[in-house]
1. Mind listing, in residue-number order, the residues in the range A:75-92 that have at least 40 Å² less accessible area with every protein chain present than in their own chain alone (1.4 Å probe)?
2. Counting Lys +1, Arg +1, Asp -1, Glu -1, what net charge surrounds A:L128 among other residues with beta carbon under 11 Å of its beta carbon?
3. How big is the B-A contact in terms of buried accessible area, both chains counted, 1.4 Å probe, rounded to the nearest 100 Å²?
4. If one takes the longest principal axis of the Cα atoms in chain B, at what angle in degrees, from 0 to 90 and to the nearest 10, does the Cα axis of helix B:64-85 lie?
5. Pop a pseudo-label 7 angstrom from the Cα along the beta-carbon direction at both A:L261 and B:L76 and give the gap in nm to one decimal.
6. Starting from the 7 Å offset along Cα-to-Cβ, what nm value, one decimal, do you get for the label separation of A:M268 and A:F152?
7. Compute the distance in nm between two label points, each set 7 Å from the Cα along the Cα-to-Cβ direction, one at B:S87 and one at A:F238.
8. Can you tell me, using C-alpha contacts under 8 Å and at least 6 residues apart, the relative contact order of the range A:102-275 as a whole percent?
Amino acid sequence: MAAADELAFHEFEEATNLLSETPDVTTISRSDPRTPEGQVAVAVGSGGGYGAEDEVESDKTAEQQPQPGFWTFSYYQSFFDVDTSQVLDRIKGSLLPRPGHSFVRHHLRNRPDLYGPFWICATLAFVLAVTGNLTVVLAQRRDSSIHYSPQFHKVTVAGITIYCYAWLVPLALWAFLQWRKGVRERMGPYTFLETVCFYGYSLFIFIPTVVLWLIPVPWLQWLFGALALALSAAGLVFTLWPIVREDTRLVASMLLSAVVLLHALLAMGCKFYFFQPLPLEHMAPAHQDTSLHPNVVLTPTPPRPMTS
Amino acid sequence: MFVWGEPEGELGINFDHIWQKTLTVLNPLKPADGSIMNETDLAGPILFCVALGATLLLAGKVQFGYIYGMSAIGCLGIYALLNLMSSSGVSYGCVASVLGYCLLPMVILSSGAVFFSLQGTIGTVLALVIIVWCSLSASKIFISALDMEGQQLLIAYPCALLYGLFALLTVF
């Protein structure tokens, strides 16, 4: 496999990064029988650092066979080649971020998948729309003066927002990191798919949070939201830290705070848009002198009589 | 059973296979035989779709358009996913066939909706059970037919979302 040897040090950025971190590893290359397009897999057997053998599947090997076009299924097949246990392991890894453990290095192990991000985003959009409607239904059960009509457009809005966030923000982040690549010598930036992947998995914690937002206790909602945001943003920060710590302080802190801020904006935007009765509480205390507690999520009386 | 042999040849409908597939769906915990999907037949699925529409009609909901629309789009989505995740491809007819067969528990749910309203705790729990039942059967058949080890939950989850949409139609 002389061709594979030539490839091994030119194109496999991820492999060289792993190698640079654990210098006493051996690399062997073999063709994986599961990759019929002739992609070459480099297996990194590590002496100490990462334990089990890893496989690096590169989608840049054009030397062996012409690469299938992006409109065919086989182009994307390598990104869906995951087991249930791997997906569950990645989800667990995103729920419990640990300082010093980058999600990409420890859980993705250079095999980003699109299954997780795609279905997490789909679930999140679906759950947002359903719970957004359910809060109004539940409020109607408690107080029949609230009018409920199924709002299907919320599904569309949720879907578009979540998917745009999950694709455009990693794109911007990746582009920015690529631009700053020159500053770093030791470690290359993550590929675009890895960025999309860890962003997608980081959104997982919002799914149970959104379900818990059905409980109409405001301080509890804010507590859950803050907790979810903290865990998710921590995961993102710990993943990005090895990349940005070699950059200047200013750029690093700006980048990390931008990431956290965007995440917070997403969380708050979802809370305000899909659990919409919140604006009603701003109108009520100004116009009514009843004993309405200003933090009640749903006002018992509709604001309309106030304007007449 | 020479009598049954003739209609099989003429109509192309293999009653034995249909019955076998129905039994496979009704018992989600029994491992499926991978070869039953070798011939795609749409007779069973179309029958179940019509039955679903009919029972929904009896319950007062005229939603044939949604059923057919969601079935088509859902089948397309699952077809794309299975082609991405399996090493061997799968045809659209096969996907439609399996998903249609696994719609049978949903028909049971919607016939229940004719007699009592499902909007309550019992209805929700029943709907969830049916969704899990449908998706486990569908993923079990797909796994055995396409030889995808260790990915049953990954297939079951999108199927559960699809059947969840059907359940929403049935319950609300």
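The values are calculated or read from the model by the stated rules, or taken from the named source; none is laboratory data. All values derive from a computational prediction rather than experimental measurement. Neighbour counts run over all protein chains shown; Cβ positions are idealised from the backbone, glycine included. These area figures cover heavy atoms from the full protein model, side chains too; ligands, DNA and RNA do not enter into them. Shrake-Rupley method; radii C 1.70, N 1.55, O 1.52, S 1.80 Å.
1. A:Q77, A:F80, A:T84
2. Around A:L128, the surrounding residues sum to +2.
3. Heavy-atom accessible area buried at this interface is about 1500 Å².
4. Roughly 50 degrees between the two axes.
5. 4.0 nm
6. Computed distance between label sites A:M268 and A:F152 equals 3.4 nm.
7. For B:S87 paired with A:F238, the spin-label model returns 3.5 nm.
8. Result for the range A:102-275 is 32 percent.
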